[in-house]
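Have a look at the structure below, then the notes.
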Amino acid sequence: MPKLTETFARKTPQTKDGTVKHWDSEIKGLVLFVGKRSKTWYFQKDVGGQTRRILIGRYPTISADAARQTALGLALEWGRGAGKKIQIGAPTLEVATESYLARPRLRSEAHRSGLRQQFDNHLKDWLRLPLDEITKGMVVDRHRSMAATPSSANHTLKYFRTVWNHARRVYDLPESPTLAIEWYDEKPNGSIIEDLKAWRRTVDGLNNPIHRVFYELILSTGLRKTEALTLEWKNVREDHIHLPMTKNGRSFDFPITQHHHEILAPVRGLSRTWVFPSPKSPTGHLKGPERMQWSSHAHRRTFATVAMEAGVLEEIVGRLLNHTPVSITGQRYTKPSLDALRPAVETVCEELKRRAGWLET
């Protein structure tokens, strides 16, 4: 092991990949982490089988002499027993992620699974890194490397920012390094189902009747794809569908009519639990219906568009889509009853049936 002097710190080259740790030969616990873009001083000690790491600072902002003096002071504090009170270093991304996902009021299961999938696909090599070793340059480079899929790039690094900010409540971390990112413009295609009679013919031509019911239900309710796929019979009530947890972190009740019960009739009795069962799926419910030329979200946009064109007020459409109201009054004070919202749903369903030719059969 070398003595970590100013000359050693200056001449040690950055790595091409990963991080190399250099331990001091004289001061036990002093270590210099050298990565692709930075050199960082830490004081590290194993206590009861756990590694306690304290950030001293980045080189050359913190010189070798300053780092050595700080490490000597920390070693003395540990020797006196006071070190147990010193805040440990930043958690790894993996630890911070698990802590975030363990929140009792996490927004939804879809949010949890989406975050895990993005991290596994795009940030797996960061999971064992302490957060304070993930630099602005690293997040900018990773974001740029995903330019071919701008939406995925934005979502992945915004998930990272969320985990970082959650860890920041406990650990002494700076502002998230994602502040250096120039986010890609994401322009939703905004597509809707223009020809509902063509949609009707396509849905009727699907081989699996469960898939037909799925598309009919999301068109007539505006439910998100995951909300419908994970719908349980216990949450389909006589007058409404209850969603215990949705994308915005709240439960939601959607008023339903006789038309919705008629849509669901072909799948009743197929499963005690799931509205859209699938024996081949590990979860027991359908993971994804047969693809059509119109996406699931196009069905949701069509529900909203037809509602507006049928004269339903925009605020009511937002309520039916479970969007968070913009105004403080809408967020905190007004909560229309299911009976108050049901006439709007009936209006939309009648217009959808007329346009799709349901009334002609």
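The values are calculated or read from the model by the stated rules, or taken from the named source; none is laboratory data. Predicted, not measured: the structure shown is a model, and the values here were computed from it. All Cβ positions, even for glycine, are placed from backbone atoms using ideal geometry, and neighbour counts span all protein chains on display. Accessible surface is based on the protein model in full, side chains and every heavy atom, while ligands, DNA and RNA are left aside. Shrake-Rupley method; radii C 1.70, N 1.55, O 1.52, S 1.80 Å.
Below is a table of values for the structure above.
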quantity	calculated
Count of residues meeting criterion [closer than 21 Å to residue 92 by Cβ and outside any strand (DSSP E or B)] in segment 1-31	5
Residue within segment 184-201 that is among the β-branched types (Val, Ile, Thr) and out of contact with any Ser or Thr (no Cβ under 9 Å at 6 or more places or on another chain) present	no
Subset tally (residues that are part of a strand (DSSP E or B), at pLDDT 90 or above and over 14 Å from residue 21 (Cβ atoms)) for segment 32-80	0
Filter result (under 23 Å from residue 110 (Cβ atoms) and among the basic types (Lys, Arg)) within segment 122-181	124, 158, 161
Neighbours by Cβ (under 6 Å, 6+ apart or cross-chain): first from segment 275-293, at positive phi; second at pLDDT 90 or above and open to solvent by 20 Å² or more (accessible area, probe 1.4 Å)	284/274
Pair list, Cβ < 7 Å and 6+ apart or interchain, from segment 212-236 residues that are closer than 23 Å to residue 347 by Cβ to residues that are open to solvent by 50 Å² or more (accessible area, probe 1.4 Å) and assigned to a loop (DSSP other than H, G, I, E, B)	224/247
Residues being under 19 Å from residue 128 (Cα atoms) and exposed (fewer than 14 other Cβ atoms within 10 Å of the Cβ) - total across segment 21-36	1
Subset of segment 246-274 (residues that are of a type in the set (A, V, I, L, M, F, W, C), more than 21 Å from residue 321 (Cβ to Cβ) and either without any contact (Cβ under 8 Å) to a residue 24 or more places away in the chain or touching a His at 6+ places or on another chain (Cβ under 7 Å) (or both))	265, 274
Any helices (runs of 4 or more DSSP H) falling wholly within segment 95-176 and containing at least 2 residues that are under 13 Å from the mean Cα position of the chain (by Cα), crowded, with 19+ Cβ neighbours inside 10 Å and of a type in the set (A, V, I, L, M, F, W, C)	109-122, 150-167
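To keep it simple, each residue is scored yes or no on (1) without any contact (Cβ under 8 Å) to a residue 40 or more places away in the chain; (2) closer than 29 Å to residue 293 by Cα.
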{"site": "111", "(1), (2)": "no, yes"}
{"site": "124", "(1), (2)": "yes, no"}
{"site": "156", "(1), (2)": "yes, yes"}
{"site": "161", "(1), (2)": "yes, no"}
{"site": "180", "(1), (2)": "no, no"}
{"site": "186", "(1), (2)": "yes, yes"}
